[in-house]
Structures are given as C-alpha cells and as structure tokens.
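Trainee: Let me begin by handing over the structure; questions about it come next.
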Amino acid sequence: GALALLGDMAKGAIPVLFVSRLSDWPYAPLVCGLAAICGHTFSIFLKFRGGKGVATSAGVFFGLAPAPSAIAVGVFALVVATTRMVSAGSILAALAMAIAVFCFPIDPIVRGVAVAVAALIVIRHRDNIRRIVQGKENRL
C-alpha cells in the first residue's frame, strides 16, 4: 500500500515539477497536474474508471501549493489516527486543502482548481460517505 501511495503521489508531483522547469507558461504545471489527476481518476485503460485521485492530487498540489498541502496532510494524518478511516482522512484533507489555499498567497486559478479537485474527491467518495454515516465504513 505504501508503495502504491508513493507511486500515485509521484505520478502527480514529478510531471508538475518537471514541466515547471521546461515551460515559460505559468499555468503549464497546473494543466499538467490536472492531466495527471484526470488520467488517474478517469483512466482510458479502465473504461474511464480509476482511483479516487487523492494521492495523485496530493502530489500535484505539493508541487503547486506546498504549504496548504502540508496542512492537508496534517489533517489526513490526524483524522486517520483518530478514526482509523482512510476515506474520512481523504475527504477531510481535500476539504482542508480547499480552505487552506485561501490562507496563502496563491494564484486564484490554482485556488479554483484546488476547490474543484476537492469537490471531485468528495464526489468520488460518496459511497464511503454513505458507509461512514451508516457506521459501516472499513477501518485500519
């Protein structure tokens, strides 16, 4: 699991960091990061089904907005430590990221994308949310 997590985060971070050094267009890393998130979440190899995008998004935003990403990871760790539910940690970390980007001097377009990606993550977790409410969600 840890290897898959690192691979998914790298899938988001490496292209963002690489493109930021190659392109003069300031939004090239953001577009590249969105492509990585969409490619992971809506894989053409899996009939447009895929992961929930949490780790890949974390990698992307560590490259684009490191301070809010660190806050989101802290929220994730705290929630998982207290609830033992990775899904709850993922959902609340996405929401924390969507809020934290407004607490730092970050490009408004990056903020908007962070909010949109957080919404995507919450939507992708709708079955988990249902199970959390019912008290049936898996725990570590």
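The values are calculated or read from the model by the stated rules, or taken from the named source; none is laboratory data. In this text the structure is predicted, and so the values were computed from the model without any measurement. Neighbour counts are summed over all protein chains in view; Cβ atoms, including those assigned to glycine, are modelled from backbone coordinates with ideal geometry. To get the accessible areas, we keep the full protein, side chains included, count just its heavy atoms, and leave off ligands, DNA and RNA. Shrake-Rupley method; radii C 1.70, N 1.55, O 1.52, S 1.80 Å.
Trainee: In whole percent, what relative contact order does the chain give with Cα contacts below 8 Å and a gap of six or more residues?
Mentor: 20 percent
Trainee: Rank these residues by their accessible area, most exposed first, probe 1.4 Å: 52, 47.
Mentor: 47, 52
Trainee: Under a no-solvent Debye model with one identical scatterer per Cα of segment 53-104, what's log10 I(q)/I(0) at q = 0.31 Å⁻¹?
Mentor: -1.18
Trainee: A further question on this structure: Round to a whole number: what % of the accessible area of the chain belongs to carbon and sulfur, probe 1.4 Å?
Mentor: 71 percent
Trainee: How large is the helix-only mean residue ellipticity at 222 nm for the chain, computed as the sum of -39500 (n - 2.57) over DSSP H runs with n ≥ 4, divided by its residue count, in deg cm²/dmol to the nearest 500?
Mentor: -24500 deg cm²/dmol
Trainee: Then there's this: Using 7 Å Cα-to-Cβ label points, what is the residue 134/residue 46 separation (nm, one decimal)?
Mentor: 2.2 nm
Trainee: Two decimals is fine: what is log10 I(q)/I(0) at q = 0.16, 0.21, 0.22 Å⁻¹ for the chain, from a Debye sum with one equal scatterer on every Cα and no solvent?
Mentor: -0.81, -1.33, -1.43
Trainee: Evaluate E = 1/(1 + (r/R0)^6) for residue 3 and residue 107, where r is the Cβ-Cβ distance and R0 equals 35 Å; express this FRET efficiency to the nearest 0.05.
Mentor: FRET efficiency, residue 3 to residue 107: 0.60.
Trainee: Accessible area per residue, 1.4 Å probe, Å², for the chain: what's the number?
Mentor: Value returned for the chain: 57 Å² of accessible area per residue.
Trainee: With the Cα gyration tensor of segment 22-95 giving a ≥ b ≥ c as the square roots of its eigenvalues, does the rule (a/c under 1.5 for rounded; else a/b larger than b/c for prolate; else oblate) give rounded, prolate or oblate?
Mentor: oblate
Trainee: Could you give the size of the charge dipole of the chain about its Cα centre, using +1 on the Cβ of each K and R and -1 on the Cβ of each D and E, expressed in debye and rounded to the nearest 20?
Mentor: It works out to roughly 580 debye.
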